[in-house]
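Here the structure comes first, spelled out in structure tokens, and everything after it is commentary.
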Amino acid sequence: MIESIAERVNADPTIVRWGRQMNETFMVEVGETQYLVTVAAGRIEKVERGPFVMRSWRFAIRASDEHWEKFWRDPPP
């Protein structure tokens, strides 16, 4: 799901407009797997899969595989 998040976010003009002031790189951890997400003007520029050594990021969102699986359900619990 994380690998396809750029397509989903960038295709939604409302989400891009909400994030238009965001210019950051942040980490998302799904269980043991790390991803760096780079956002510029509300659009996701890239998603990189780790592991990473000494990479810079502003904040992290971490959860177990089980919790991410529940979060991505439609609708989430």
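Laboratory data are not the source of any read-out in this text; all were calculated from the coordinates shown. The model shown is predicted, which means the values in this text are computed figures rather than measured ones. So basically every Cβ, Gly included, is an ideal-geometry build from the backbone, and we count neighbours across all protein chains shown.
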Item to check | Charge dipole (debye, nearest 20) of the chain; +1 at Cβ of Lys and Arg, -1 at Cβ of Asp and Glu | outcome: 360 debye
Checklist entry - So, counting K/R as plus one and D/E as minus one, what does the shell of residues with Cβ under 13 Å around residue 5 add up to? => result -1
Next on the checklist: Using the Cα centre of the chain as origin and beta-carbon charges of +1 (Lys, Arg) and -1 (Asp, Glu), tell me which of 56, 33, 67 is placed farthest towards the positive end of the dipole.
Outcome noted: 56
Checklist entry - Given that just one value was derived from the coordinates, which of (i) 36, 31, 17; (ii) 47, 25, 16; (iii) 44, 26, 14 is Cα extents along the principal axes in Å? => result (i)
Checklist entry - Counting only residues 5 or more places away or on other chains, whose amide H sits under 5 Å from the amide H of residue 30 once H atoms are built in the peptide plane? => result 35
Item to check | Which of 2, 15, 76, positive extreme of dipole for the chain (C-beta unit charges) | outcome: 15
Item to check | CD proxy at 222 nm, helix term only [per DSSP H run n ≥ 4: -39500 (n - 2.57); per residue of the chain; nearest 500] | outcome: -6000 deg cm²/dmol
